[in-house]
Amino acid sequence: ISIIGFSAAAQNQDTPALNEPDYNKPKLFAAHPDQIPVNLTNINALLSSSVGNAVDMNVSATSSFRFTGEVISTVSKYQNRIISVVIRSSNFSGAILSISKITNDNGTISYTGRLISKRFGDVYELKELNGSFVLVKKNYYELINE
């Protein structure tokens, strides 16, 4: 019984994760608001971009959040039911903006996306709030598990 107790106690030790989260990463978007309304016309224009195209756009009609970069990937799947674009930022330290447009079975359209960099502790995630799309600032580790 004592041998079983010792081996059980040895199994109960807390071991650290392979990659311990770094909660002290610098914030890339600290100077920007927590929510940025998104202009879907600009987003749809991005989705029709080709690899290598330069991007320079104001993300919002009501905010001065400007995004510049280069399209590094485009994908269209399932007879254009999912269209995605990935852009590497030139004004946000190489952060990656990924946007997808999804045509659902019932004909409605939804969007998903993130503006993220592994080197920084904050990200923007594209969310639908009250019928409009907004970039919502989040902590890196709310979205990513290392």
Most mobile listed residue (Ile43, Ile82, Ile109) in the chain, GNM with C-alpha springs under 10 Å: Ile109
Please report, as a whole percent, how much of the solvent-accessible surface of the chain comes from carbon and sulfur atoms (probe radius 1.4 Å). 50 percent
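Accessible area per residue of the chain at 1.4 Å probe, in Å²? Working shown, then result.
Details: 9140 Å² over 146 residues.
Accessible surface, normalised per residue, equals 63 Å².
Highest first, please rank the peptides 22-34, 91-103 by the mean number of other Cβ atoms sitting within 10 Å of their residues. Before the final figure, lay out each step's value.
On the way: 22-34: 12.7, 91-103: 17.2.
Order by mean packing, descending: 91-103, 22-34.
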Here, Ser76 and Asp34, labelled 7 Å along Cα→Cβ, have an inter-label distance in nm of 4.0 nm
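Between Lys27 and Val136, 0.36 nm times their residue separation minus their Cα-Cα distance comes to what?
Values: separation 109, 0.36 × 109 = 39.24 nm, distance 1.44 nm.
Length difference between fully extended and current span is 37.8 nm.
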For the Cα atoms of the chain, what angle does the longest principal axis make with the long axis of helix 2-11, in degrees from 0 to 90, nearest 10? 20 degrees
Can you pull the one-decimal nm distance between simple spin-label points at Asn91 and Leu143, each 7 Å off the Cα toward Cβ? 1.9 nm
With the chain treated as a Gaussian network of Cα nodes joined by springs under 10 Å, which of Asn104, Asn53, Asn44 yields the largest mean-square fluctuation? Asn104
Would you list, by chain and number, the lysines whose Cα falls below 27 Å from the Cα of Lys101, excluding same-chain residues fewer than 8 positions away? Lys77, Lys118, Lys127, Lys137, Lys138
Among (i) 28, 15, 13; (ii) 23, 20, 13; (iii) 38, 20, 15, the entry that matches semi-axes √(5λ) of the Cα gyration tensor in Å as calculated here: (iii)
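The values are calculated or read from the model by the stated rules, or taken from the named source; none is laboratory data. Predicted, not measured: the structure shown is a model, and the values here were computed from it. Here Cβ is always computed from backbone atoms with ideal geometry, including for glycine, and neighbour counts include all displayed protein chains. Accessible surface areas use protein heavy atoms only, side chains included; no ligands, DNA or RNA. Shrake-Rupley method; radii C 1.70, N 1.55, O 1.52, S 1.80 Å.
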